[in-house]
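Report on the following structure.
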Ligand code: NAD
């Protein structure tokens, strides 16, 4: 035991859940070890949010340039080199990773490189570069998830790829089959279509983005279809055949493409981290049960991120990480889930927070919807981003905002106002009475609130909703 280094807090996994937890624990004066088997920044920075958004920015710019003549700007010939786009993406990731490494170092956190497993409730054995066993008063587990394989057609990463290997490619295919029209499937469908790839999207359930509000799925379906993306729903892809000519999905009819992306969810990294040695039994789906303080059933062991809730979002992981770190260093903070924004970087973008109309009804509310189209907005007309709508879901008797959805330009940023509104239990009156600058996209919320109140300003009169 004397050789074993002792820490106040050890964090297993340096993704968007783990490294913020380590930073907050260090800020609270704790001696902190952060253990990572790959790169700091985790999936989000290295293989997810950031590289995909870098490529998506390329796709959007390319689409915008193609429409430049609508602005009176005539670009003679537009072309791109995907390899250069991929290089730009890699440079962004590499710079951001250095920034995180710098933060870890400047907060005097000990970064240990290797694969960590619990060997008791307070010990972690690390294999790899910094092989050793450490002792920690408190442990925060933040090991995340990885793309889920379908057994019948495992990834070969050449013709059947997961999102990680698709992001790593330096050339574009001519055509792609995307299995699964969830967040990853739809973001890649949008990106690849922007860059001229022929996309076929196959989804098991009756609509794409099945977890989102129906209005959002419908709007995206219409938009994708107009852009030439082939969508097939109610399709259970059970096999993919590969040959030197490409990939074929047999779904009653034959669908062929050069490669296939399988994006059917993620599996949790909880199987091989020694949970049993610490006395933690994950639920059947692999999720580790935690309380509002992010503490597991074993006192002193916390879990955050994908492994600790159904909210598989980087920003949720970060918030959970901060809560866990506060509690691991003597605090008493609690996690709340009523106002979690969810953002999807299709073109146009999607932002949602709180309840959908269907969920509000299921919960026994008497909801009304105030909806406003981008088209009716001066700023949207001026910049030609007229596709889409915003809507607020409001509890009629109290006026409280229960949820909001937005499909359109900058939706991922605009949803933040509704997250603040819901987190602070604001009413639609408070949004309607707040002066929103003109001409801006933010006016969508004020106008939606006016619609919900039955006093629309820039739409023809209609009777009060509900
Ligand atoms: P997902 O759960 O969002 O979607 C998977 C889809 O695949 C579902 O719609 C499902 O019905 C479908 N499916 C499953 N089996 C199928 C089959 N055999 N044939 C056809 N369709 C099938 O999962 P994902 O898109 O892989 O994303 C993984 C996670 O990463 C999600 O939890 C997501 O929240 C997160 N993520 C978030 C963002 C973001 O916030 N912008 C971006 C990327 C990923």
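When Rg and Dmax are taken over the Cα atoms of the stretch 160-264, they come to 12.8, 41 Å. The angle between the Cα long axis of helix 443-453 and the main principal axis of the chain comes to about 70°, on a 0 to 90 degree scale. Counting only Cα atoms, the size of the chain along its three principal axes is 77, 61, 43 Å, in decreasing order.
Place the peptides 156-163, 401-408 in order of packing, highest mean first, counting for every residue the other Cβ atoms within 10 Å and averaging per peptide.
Answer by packing, highest mean first, reads 401-408, 156-163.
Between residue 271 and residue 98, the simple spin-label model (points 7 angstrom out along Cα→Cβ) gives 3.7 nm.
A crude spin-label estimate for the pair residue 236 and residue 82, with each label 7 Å from Cα along the Cβ direction, gives 3.3 nm. With R₀ fixed at 30 Å, the C-beta to C-beta distance from residue 68 to residue 440 puts the FRET efficiency at about 0.85.
When DSSP beta bridges are restricted to pairs lying wholly in the chain, around 60% turn out antiparallel. Within the stretch 1-127, DSSP assigns beta bridges of which about 40% are antiparallel (rounded to the nearest 5). The angle between the Cα long axis of helix 314-328 and the longest principal axis of the Cα atoms of the chain comes to about 40 degrees, rounded to the nearest 10.
Evaluate the Kirkwood expression for the hydrodynamic radius of the stretch 68-124, namely the inverse of the mean inverse distance over all pairs of different C-alpha atoms, and round to one decimal in Å.
Working: mean 1/r = 0.0615 Å⁻¹.
Answer for the stretch 68-124: a Kirkwood hydrodynamic radius of 16.3 Å.
For the peptides 357-369, 76-88, 318-330, 197-209, what is the packing order when you average, over each peptide's residues, the other Cβ atoms within 10 Å and list the highest mean first?
Values: 357-369: 15.5, 76-88: 11.7, 318-330: 24.2, 197-209: 20.5.
Going by the mean number of other Cβ atoms within 10 Å, highest first, we get 318-330, 197-209, 357-369, 76-88.
Spin-label model, residue 28 to residue 333: label points 7 Å out along the Cα-to-beta-carbon direction sit 0.8 nm apart.
For the pair residue 253 and residue 90, a Förster radius of 25 Å applied to the C-beta separation gives a FRET efficiency near 0.05, rounded to the nearest 0.05. Taking the longest Cα principal axis of the chain as reference, the axis of helix 49-66 is set at about 20 degrees. With viscosity 1.002 mPa s and temperature 20 °C, the Kirkwood radius over alpha carbon pairs of the stretch 223-302 converts through Stokes-Einstein to a diffusion coefficient of 127 µm²/s. For the listed peptides 34-42, 254-262, a ranking on the average number of other beta carbons within 10 Å per residue, highest first, reads 34-42, 254-262.
Label zone (residue 287, point 7 Å along Cα-to-C-beta; backbone nitrogen cut-off 20 Å) within the stretch 175-215: 182-184, 209-213.
By the count of other C-beta atoms within 10 Å, a proxy for reagent exposure, 135, 302 are ordered fewest to most as 135, 302.
Bear in mind these aren't lab numbers, they're just calculated from the coordinates by the rules spelled out. This structure is a prediction, so every number in the text was calculated from the model and none was measured. All Cβ positions, glycine included, derive from the backbone under ideal geometry; neighbour counts span all protein chains shown.
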